[in-house]
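Structure, as structure tokens:
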Amino acid sequence: MDIPALDNYETALKLRAMRNQVLSSNIANADTPNYKARDIDFRSALNEARGEGISLTRTSELHLGSAPAERLDASVRYRIPVQPTLDGNTVETDVEQAQFAENAVQYRATLSFLNGHIQTLKFAIRGSD
């Protein structure tokens with residue numbers, strides 16, 4: 001069953017999960033020479049996934065549309081370090097850990113909002129008990 005109101009939650013959860021992977025990869029590579037830290041600008045990635053960013057016009061039915069996952073992958077950007085290291089690694093462990101923790105909290109909050117929305121829908125369908 002496709003419920004358009006839940007699509008935003010799905011997209012947000014996918015983005016949060018993807019950002020979690022990117023941030024954990026940064027933390028795992030904190031000691032790797034020349035590793036460049038990456039991150040996702042959540043707001044612009046969400047707008048892009050919703051189709052509110054730059055969009056391509058399909059001029060023929062034979063043209064393929066861009067898949068949502070492809071658009072999400074394109075939103076990963078390199079992070080500019082506050083203090084780069086001599087070995088070329090741009091991971092700042094304290095920044096990465098703080099961003100990871102914040103993203104985890106936001107992921108759980110999105111799940112809570114989704115659960116509330118589902119409970120509201122269930123109540124509307126069943127009525128009062």
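The values are calculated or read from the model by the stated rules, or taken from the named source; none is laboratory data. Just so it is clear, the structure is predicted and the values come from calculations on it, not from any experiment. Cβ sites come from the backbone with ideal geometry, for glycine too, and all protein chains shown count toward neighbours.
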(message) Considering only residues that are part of a helix (DSSP H, G or I), in contact (Cβ under 8 Å) with a residue 12 or more places away in the chain and aliphatic (A, V, I, L, M), which ones fall in region 8-51?
(response) Ala12, Leu13, Leu15, Ala17, Met18, Val22, Leu23, Ile27, Ala45, Leu46, Ala49
(request) Just give me the residues in region 52-107 being modelled with pLDDT under 85 and part of a helix (DSSP H, G or I), in sequence order. (result) Pro68, Ala69, Glu70, Arg71, Leu72, Asp73
(request) Please enumerate the residues belonging to region 1-41 that are touching a helix residue (DSSP H, G or I) at 6+ places or on another chain (Cβ under 6 Å) and aromatic (Phe, Trp, Tyr). (result) Tyr9
(request) Scan region 1-27 residue by residue and report those that are in contact with an Asp or Glu (Cβ under 9 Å, 6 or more places away or on another chain) and either surrounded by fewer than 17 Cβ atoms within 10 Å (Cβ to Cβ) or among the charged types (D, E, K, R) (or both). (result) Arg19, Ser24, Ile27
(request) Test Ile40 against the criterion of being in contact with a strand residue (DSSP E or B) (Cβ under 6 Å, 6 or more places away or on another chain) and either at pLDDT 85 or above or of a type in the set (S, T, N, Q) (or both), and give yes or no. (result) yes
(request) Look at Ala30 and say whether it is surrounded by 11 or more Cβ atoms within 10 Å (Cβ to Cβ) and either at pLDDT below 80 or closer than 21 Å to Asp7 by Cβ (or both). (result) no
(message) Restricting to region 4-40, count the residues that are within 14 Å of Tyr78 (Cα to Cα) and under 8 Å from the mean Cα position of the chain (by Cα).
(response) 2
(message) Under 7 Å between Cβ atoms, which residue pairs at least 6 apart in sequence (or on different chains) link something in region 84-98 that is touching a residue at least 12 places away in the same chain (Cβ under 8 Å) with a partner that is of a type in the set (D, E, K, R)?
(response) Thr90/Lys36; Thr90/Arg79
